[in-house]
Amino acid sequence: MPALRALTLSLLCLLPFGAAHALDHGNAVVTAARMLDVRSGRMLHDVTVQIEDGRIKQVVQGAGNSAVMTDRPHYDLGDMTLLPGLIDMHVHLDSDPSYGGYTGLQFGDRFWSVLAVPHALKTLQAGFTTVRNVGADAWNDVGLRQAIDAGKIEGPRVITAAYSFGATGGHCDSTFFPPSMDEKSPFNADSPEEARKAVRTLRKYGAQVIKICATGGVFSHGDEPGAQQMTLDEMKAVVEEAHMADLRVAAHAHGAAGIKDAIRAGVDTIEHASLIDDEGIKLAKQRGAWLSMDIYNTEYTQAEGKKNGVLEDNLRKDREIGDVQRENFRKAHAAGVKMLFGTDAGIYPHGDNAKQFRWMVQYGMTPVEAIQSATVSAAEALGRTDVGTLEVGRLADLIAVPGDPTADITVLEAVPFVMKGGDVVKDARGK
């Protein structure tokens, strides 16, 4: 048997990657010098992870343990650090920042559906094995998720909101066109009853999370980020209907008043939270609401937005709230509010998601806290017990980076090894 095992592993090494991968789908052994236990924040040493049928069967510490002695492929990552696959709680996979303002009108509707495919791959190869897509046009994210789950294309696990919605004329509506064009969101909700109907319809066609727009936005037209746009009663109706269907609710909310009413309504995650005030911070902590604050993307939009066609009024709003949002991130974190990793990818290029980590550390988090926001905390906010940690029974979604990310968070910006469900989807070691 030892000779047969050696011959099998030798043949695997000679086969092209795809062929070797097909021989032992979802089964592997991974060894590395270190593994971050994201639940405790402790670094484990000389770790072996045994994977069976796409899930973690065993995690063992100590050099030379017997878990390596199996017939399955063995990935010895040497002096690298293992972490769970990362989770971005706020992306838009069918958006491309190369086109801002009116420049996207040169393309047909399905252009954006097609772009979601390479965007998903870039995101996965950056180490993000799960994402929450909080708003897409034309059911693009639902179709993308179905294609990934069916094994037709490669991408992360996608939690889909389909259309985000809010008030007529609000941030989630179509606000860049004159009345003669009659452009509008099909899910505008201007009463509690309309809000309930929107939730039911979105769930019917594939929404796994409900996304609403409680306030104005930066990249919409004719409104200001601080202005509340949905009433407390409307948001309560959304939350009640969604929770009854076991769906969680995310609220785009920049303004202080809209943030507080969203929390009072029972919204699960507050997106952006740029202008949150002391009362809002206190309320978020009391009610257990999560804040997902995208504090990196201003760097991109201010540097590249004008060239990409973003209108000056939108750039002005971005400038006005960028530093305020970052300081409020610092205050909310210091106050003990639950924080998530959410980047608004699509406002900046997909695949650059991890660039936000350094900003989270700069504005008050430890590297371990920043990593937890994109792993164990994100899984908790999603209500998922199959992702977010490297523990027995969880999906074998893992990444490996050189060095120690708890000492230098920027190593997460270039992830050379990515595994999803026990299958290697990227191995760029030594390249």
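The values are calculated or read from the model by the stated rules, or taken from the named source; none is laboratory data. None of the values given here were measured: they were computed from a predicted structure. All Cβ positions, even for glycine, are placed from backbone atoms using ideal geometry, and neighbour counts span all protein chains on display. Surface accessibility is based on the protein's heavy atoms, side chains included, excluding ligands, DNA and RNA. Shrake-Rupley method; radii C 1.70, N 1.55, O 1.52, S 1.80 Å.
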Expressed as a whole percentage, what fraction of the accessible surface of the chain belongs to carbon and sulfur atoms when a 1.4 Å probe is rolled over the protein heavy atoms?
52
Determine the per residue accessible area of the chain with all protein chains present and a 1.4 angstrom probe, expressed in square angstrom.
41
Work out Dmax and Rg for region 100-152 from the C-alpha atoms and quote the Rg first, both in angstrom.
12.1, 35
Region 367-431 and region 83-127 have their Cα centres apart by a whole-number Å value of 21
Pull up the DSSP beta bridges for the chain and report the antiparallel fraction as a percent, rounded to 5.
50
Please give, to one decimal in nm, the separation of the simple spin-label points placed at R319 and D278, each 7 Å out from Cα toward the Cβ.
3.0
Suppose accessible area is computed on protein heavy atoms with a 1.4 Å probe; arrange Y163, Y348, Y205 from highest to lowest.
Y205, Y163, Y348
Under a Gaussian network model of the chain whose springs join Cα atoms within less than 10 Å, the largest fluctuation of T410, T160, T130 belongs to T410
So how strong a dipole does the chain carry about its Cα centre when Lys and Arg Cβ are +1 and Asp and Glu Cβ are -1, to the nearest 20 debye?
820
Setting aside same-chain residues fewer than 8 positions from K307, which lysines have a Cα under 22 Å from its Cα?
K317, K355
What residue among G155, G393, G108 has the largest mean-square fluctuation in a Gaussian network model of the chain, using Cα springs under 10 Å?
G108
Tilt, helix 312-334 to longest principal axis of the chain (alpha-carbon atoms), in degrees rounded to tens, equals 60
What pairs from K152/K420; K282/K338; K122/K420; K338/K426; K260/K285 go past 20 Å between their alpha carbons?
K338/K426
What figure in square angstrom, to the nearest 10, would you give for the accessible area of E380 with a 1.4 Å probe?
110
Grab the DSSP H runs of the chain that are 4 residues or longer, score each as -39,500 (n - 2.57), total them, divide by all residues and round the 222 nm result to the nearest 500 deg cm²/dmol.
-10000 deg cm²/dmol
The set of residues whose placed amide H lies less than 5 Å from the amide H of H221, leaving out same-chain residues fewer than 5 positions away, is T175
Ranked order, F128, F177 - accessible area, probe 1.4 Å, largest first
F177, F128
Ordering of 415-427, 189-201 by packing [mean C-beta count within 10 Å, highest first]
415-427, 189-201
Would you mind checking the tilt of helix 278-287 against the longest principal axis of the Cα atoms of the chain, expressed as 0 to 90 degrees and rounded to 10?
50
Most to least packed among 109-122, 78-91 [average Cβ atoms within 10 Å]:
78-91, 109-122
Principal-axis tilt of helix 232-244 within the chain, Cα atoms, nearest 10 degrees
30
Just how far, in whole angstrom, is region 287-348 from region 226-272 if you go by their alpha carbon centroids?
19
Given the candidates A207, A332, V401, the one whose Cα lies deepest towards the positive end of the charge dipole of the chain, counting +1 at each Lys or Arg C-beta and -1 at each Asp or Glu C-beta, is V401
Tell me whether region 24-152 comes out rounded, prolate or oblate; compute the Cα gyration tensor, take square roots of the eigenvalues as a ≥ b ≥ c, and use a/c under 1.5 as the rounded threshold.
prolate
In whole Hz, the Karplus estimates of ³J(HN,Hα) for region 393-398 (6.51, -1.76, 1.60; θ = phi - 60°; x where Gly or Pro) are x, 7, 4, 7, 9, 8
Hey, any idea what the orientation-averaged projected area of the convex hull of the chain's Cα atoms comes to, in nm²?
20.5
Segment D246-S191, extension gain: residue separation times 0.36 nm, minus the distance between their alpha carbons:
17.6 nm
